[in-house]
Amino acid sequence: MTKLLERAIAIVKELPNDDQDALAALVLSIAEDSDASIVPLDEATRSAIREGLVQAERGEFVPDDVVAEANKRHGI
């Protein structure tokens, strides 16, 4: 196992169970797929991405202080 993967796993272990499960599902999906560049998305996720892109085109972004607080919570 690489040091980077060990670091990622250590960080994930500190997350709530629901977040751990979501990341585990994503990793398994990528690892089991013959083309790891393709990640399957459900329709709710696709819709959220489309809405985010529309918001970005309008110049609507999350304020820096909100991003900083989220980063702090996640140890970034």
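The values are calculated or read from the model by the stated rules, or taken from the named source; none is laboratory data. If you're wondering where the values come from, they're calculated on a predicted model, not measured in any experiment. Cβ sites come from the backbone with ideal geometry, for glycine too, and all protein chains shown count toward neighbours. Ligands, DNA and RNA are excluded from the accessible area calculation, which covers all protein heavy atoms including side chains. Shrake-Rupley method; radii C 1.70, N 1.55, O 1.52, S 1.80 Å.
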- How many residues are within 14 Å of the chain's Cα centre (by Cα) and either at pLDDT below 85 or open to solvent by 70 Å² or more (accessible area, probe 1.4 Å) (or both) when one looks only at the range 3-15? 1
- Determine which single condition Ser29 fails, assuming it passes every other condition in (1) out of contact with any helix residue (DSSP H, G or I) (no Cβ under 8 Å at 6 or more places or on another chain); (2) surrounded by fewer than 10 Cβ atoms within 10 Å (Cβ to Cβ). (2)
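In the range 64-74, how many are open to solvent by 70 Å² or more (accessible area, probe 1.4 Å) and either at positive phi or more than 14 Å from the chain's Cα centre (by Cα) (or both)?
Matching residues across the range 64-74 total 6.
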- Filter result (assigned to a helix (DSSP H, G or I), under 26 Å from Leu28 (Cα atoms) and open to solvent by less than 90 Å² (accessible area, probe 1.4 Å)) within the range 40-58: Ala44, Thr45, Ser47, Ala48, Ile49, Gly52
- Contact list, first residue from the range 17-34 and more than 22 Å from His74 (Cα to Cα), second anywhere and modelled with pLDDT under 85 and open to solvent by less than 70 Å² (accessible area, probe 1.4 Å), beta-carbon distance below 7 Å, six or more apart or interchain, is Ser29/Val39; Ile30/Ala36; Ile30/Val39
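Name the one entry in Asp35, Asp18 that is modelled with pLDDT under 90, charged (D, E, K, R) and either over 14 Å from the mean Cα position of the chain (by Cα) or part of a helix (DSSP H, G or I) (or both).
From the options Asp35, Asp18, the qualifying one is Asp35.
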